[in-house]
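Colleague: Take this structure first; my questions come after.
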Amino acid sequence: MTTPTAPAADLFDPDLPWRRARSVALRPEPFGALVYHFGNRKLSFLKSRTLVTVVETLADHPSATATLVACGVPEAQRPAYVKALADLARSQMIERRPEEVRA
Amino acid sequence: MTAVLPSRPAAPERPTGGRLVDQFEYGLDAPICLTWELTYACNLACVHCLSSSGRRDPRELTTAEAEGVIDELQRMQVFYVNVGGGEPTVRPDFWHLLDYAIGHDVGVKFSTNGVKLDRARAEQLAATDYVDVQISLDGATAEVNDRVRGTGSFATATKALENLAEAGMKDFKVSVVVTRENVSQLDDFRTLTDRYGAQLRITRFRPSGRGADVWDQLHPTQAQQRELYAWLLANGDRVLTGDSFFHLSAYGQALPGLNLCGAGRVVCLIDPVGDVYACPFAIHEQFLAGNVRSEGGFQRVWQQSELFAELRSPQTGGACTRCAHFDACRGGCMAAKFFTGLPLDGPDPECVQGYGETALAARDLDLVKPKSHLDHSHTGPVRGQPTLLGMPAVPAASTPAPPARICDESPLAGLQLG
């Protein structure tokens, strides 16, 4: 966690590119989704369908903030979503995308 | 079914948002996890066995059928199953099914008395990702353990723990059912599990299976429940509980985890013959939702059974809903009430506010407590029989009598332990 290239797990920067962790599966549920990490076997829940869309489309956008905008999350609700994503980052359900070359 | 279940409004609408626990009351599209008992066969004859196991059921799911269930669990994204029995490792295809499940994204946590966990198996497990092992132990000393689980069972379990530790297995568990006789040993269990680098898991004793026969004798007293609650508050972060002690939350501070009966909502049981029950502690026709062999398989049972639909709505009536602590304990354990002959919308027999004792005392003297239609208990003597019931232990070296029927033979007859 001390090397500058490895993002500290408890520091979630919404302006960086993120994605659903590769060893994580989402199972749709009526209220949102069940999240399962095959590596650490942790189980978590996404409590809204919008959050499910956000997590699933993180990889399509340059940053988490851009994902929230694209998913139509109202500005007033964004802090709550950022907090939810920070929790997911801490439990390794989402991970930083390696810097990519953009066309 | 309607007669026994607490009054609930017809098909209520699921709320949007809110607490997860409220969402869970309405059920999920697939269980969070489920218990799958692979066989009723067992080398032991524990006095409190929740599934009255002993003899193999000839209708047991075949290897191909079990693989079919795993395929279905993979499709439904059930990410792990708790495998038990009986003693699951006495099924000759146990190791194959374990690999098959893991290969199909269904993680396995299995409970065993340790009888098959020799060095080679321990090494195999240590080399396998995505498998969890729980060794059952109901006393921190042989004296307390063997009284309920049978002579020699402490030695078998600790030998298995030793093998797992030596093989470098990580995160294996010691699984303890908390009883009147071992509740004072919780710290000793911690010492014991630490010695093997294992993790302690304690769960609630329910009056299910043969457990009903010894419940009056073995369930913790009110004073012990209070001690257990204090112990859980102090040690809760370092011990697993399967969220099974949620009835204790009515003492005040909620215990960590899901404080809700998950039966038919977020968990269920598949028994060795493929019958699906609301929970592992509810092997009774009243809680039988269907069979995985029927058309539509497990998925149809989970998603469409009438019983589960009934269980998936919040309880709105009954004495408990008027109690100030209802939100904390949610009325407790359905199976504990049912098998002690209490109404399902009333208090848990171990209600910490004391309403359970009152309800037990008020039971009709002529009441016949519900009994499961299934009993696979050994019918003849078992080596190392438990002594709790005052029966003499059968000497370990005795020559087993020839079995009267195929089913009567212990699956481990002739096996040298040790």
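The values are calculated or read from the model by the stated rules, or taken from the named source; none is laboratory data. Computed from a predicted model, the values in this text were never measured in an experiment. Please note: Cβ atoms are built from the backbone with ideal geometry, for glycine as well, and neighbour counts cover all protein chains shown. The protein model used for the area step is the full one, side chains on, heavy atoms only, and it has no ligands, DNA or RNA in it. Shrake-Rupley method; radii C 1.70, N 1.55, O 1.52, S 1.80 Å.
Colleague: In Å², rounded to the nearest 100, what is the total accessible surface buried by chains A and B against each other with a 1.4 Å probe?
Modeller: Using a 1.4 Å probe, the pair buries roughly 1500 Å².
Colleague: Measure up A:LYS47/A:LYS83; A:LYS83/B:LYS170; A:LYS83/B:LYS109 against 21 Å on the Cα-Cα distance and list the ones that go over.
Modeller: Working: A:LYS47/A:LYS83 13 Å; A:LYS83/B:LYS170 32 Å; A:LYS83/B:LYS109 32 Å.
Distance filter (> 21 Å) returns A:LYS83/B:LYS170; A:LYS83/B:LYS109.
Colleague: Report relative contact order for chain B in percent, whole number only (criteria: Cα-Cα under 8 Å, sequence separation at least 6).
Modeller: That works out to 22 percent.
Colleague: Okay, next question. Hey, rough spin-label estimate for B:ALA234 and A:SER44, points 7 angstrom out along Cα→Cβ, what's it come to in nanometres?
Modeller: It works out to 3.3 nm between the two label points.
Colleague: Could you pull out every one of the lysines with an alpha carbon less than 16 Å from that of B:LYS159, ignoring same-chain neighbours closer than 8 positions?
Modeller: B:LYS159 reaches B:LYS116, B:LYS173.
Colleague: Collect residues whose amide H, placed 1.01 Å from N in the peptide plane, falls under 5 Å from the amide H of B:ALA289; neighbours closer than 5 in sequence don't count.
Modeller: Close amide H contacts, sequence-distant or interchain: B:VAL276, B:TYR277, B:ALA278.
Colleague: For B:CYS49, list long-range residues whose amide hydrogen, built 1.01 Å from N in the peptide plane, is under 5 Å from its own amide hydrogen.
Modeller: B:ARG210, B:GLY211
Colleague: Would you mind getting the accessible area per residue of the stretch A:10-93, heavy atoms of the protein chains only, 1.4 Å probe, in Å²? Before the final figure, lay out each step's value.
Modeller: Values: 4000 Å² over 84 residues.
In whole numbers, the stretch A:10-93 has 48 Å² accessible per residue.
Colleague: Sticking with this structure for a sec: What lysines does B:LYS371 reach when the alpha-carbon gap must be under 19 Å and sequence neighbours fewer than 8 apart in one chain are set aside?
Modeller: In chain and number order, the partners are B:LYS337.
Colleague: What number, in percent, do you get for the relative contact order of the stretch B:28-136 if the mean sequence gap of Cα pairs under 8 Å and at least 6 apart is divided by its residue count? Working shown, then result.
Modeller: On the way: 169 pairs, mean separation 30.5, N = 109.
Reported relative contact order: 28 percent.
Colleague: Let me ask something else. Could you tell me what percent of the DSSP beta bridges with both partners in chain B are antiparallel, to the nearest 5?
Modeller: Roughly 15 percent of the DSSP beta bridges within chain B come out antiparallel.
Colleague: Further question: If R0 is 22 Å, what FRET efficiency do you get for B:ALA254 and A:ARG90 from their C-beta distance, rounded to 0.05?
Modeller: After rounding to 0.05, the efficiency reads 0.45.
Colleague: In deg cm²/dmol, rounded to 500, what helix-only [θ] at 222 nm does the protein assembly as shown give when every DSSP H run of at least 4 residues adds -39500 (n - 2.57) and the total is split over its residues?
Modeller: The helix contribution divided over the protein assembly as shown gives -8000 deg cm²/dmol.
Colleague: Something else now. Report relative contact order for the stretch A:10-93 in percent, whole number only (criteria: Cα-Cα under 8 Å, sequence separation at least 6).
Modeller: Details: 111 pairs, mean separation 29.8, N = 84.
Averaging sequence separation for qualifying contacts and normalising by length gives 35 percent for the stretch A:10-93.
Colleague: Enter the accessible area of B:LYS109 (Å², nearest 10), with the probe set to 1.4 Å and all protein chains included.
Modeller: Here the residue's solvent-accessible area equals roughly 40 Å².
Colleague: Just to be sure I understand: of the beta bridges DSSP finds with both ends in the protein assembly as shown, what percent are antiparallel, rounded to 5?
Modeller: Looking only at bridges with both residues in the protein assembly as shown, the antiparallel portion is about 40 percent.
Colleague: How would you classify chain B from its alpha-carbon gyration tensor, with a ≥ b ≥ c the square roots of the eigenvalues: rounded for a/c under 1.5, else prolate if a/b is greater than b/c, otherwise oblate?
Modeller: Since a/c stays below 1.5, the shape of chain B is classed as rounded.
Colleague: With a/c under 1.5 counting as rounded, go ahead and sort the protein assembly as shown into rounded, prolate or oblate using the C-alpha gyration tensor (a ≥ b ≥ c being the square roots of the eigenvalues; past the cut-off, prolate if a/b is larger than b/c, else oblate).
Modeller: It comes out prolate by the Cα gyration axes.
Colleague: I would also like to ask the following. Kindly identify the stretch B:58-113 as rounded, prolate or oblate by the Cα gyration tensor criterion: order the square roots of the eigenvalues as a ≥ b ≥ c, call it rounded if a/c is under 1.5, otherwise compare a/b with b/c, prolate if a/b is larger, else oblate.
Modeller: It comes out oblate by the Cα gyration axes.
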